[in-house]
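Encoded as structure tokens, the structure appears first; notes follow it.
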Amino acid sequence: MARLHAQGGYIVSTLKIGRPYDPVTWTCAHAVADYYGFEFTDGDEWARTFMYWLRHKFERRGKFAGTWRDHMGEMITCRYGTGTGLHVGIVVSGGIYHAYRAPGKSGGDTVVTGFAQMTAFHDVRFYRYVG
């Protein structure tokens, strides 16, 4: 059942905490798309359809400002460390919701990483869903 999102629009599904990371069927991009009810079928984490959807449905808000609470419901992009690939998640009440694969590892899970643990992430940018 859909519910109204704090930033406008509807969230179609609930959080999938504990769902195993899969490089083809469930990645950080899939978790974000699922959160907002977008379904892409080409399987690639940063596929053209996903990138097109991001560009047309999100407005860039910039870097961290104020408190995490000020960014509630916004999508973030970030990196695990310098020189690592782009990662995406959603700011929820307990932290950042994302499908996480530890760098250099093959497995992972869908989790909420607490705000205090976000110091390990770099180049954090925020985007508001505009539907």
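The values are calculated or read from the model by the stated rules, or taken from the named source; none is laboratory data. Because the structure is a prediction, the values reported are computed rather than measured. No Cβ is skipped: glycine too gets one built from the backbone with ideal geometry, and neighbour counts run over all protein chains shown. Just so you know, the surface numbers come from the protein's heavy atoms only, side chains and all, with ligands and any DNA or RNA stripped out. Shrake-Rupley method; radii C 1.70, N 1.55, O 1.52, S 1.80 Å.
Observations on the model:
- Residues of the range 66-95 classified as in contact (Cβ under 8 Å) with a residue 60 or more places away in the chain and either part of a loop (DSSP other than H, G, I, E, B) or of a type outside the set (A, V, I, L, M, F, W, C) (or both), total: 4
- For the range 66-102, taking the residues that are aromatic (Phe, Trp, Tyr) and open to solvent by 10 Å² or more (accessible area, probe 1.4 Å), the one that is nearest to VAL24 (Cα to Cα) is identified as TYR100.
- Top-ranked residue of the range 114-131 - restricted to ones that are touching a residue at least 24 places away in the same chain (Cβ under 8 Å) and of a type in the set (Ser, Thr, Tyr), ranked as most open to solvent (accessible area, probe 1.4 Å): TYR127
- Qualifying position, being of a type in the set (Lys, Arg), open to solvent by 60 Å² or more (accessible area, probe 1.4 Å), at negative phi and touching a residue at least 40 places away in the same chain (Cβ under 8 Å), among LYS105, LYS63: LYS63
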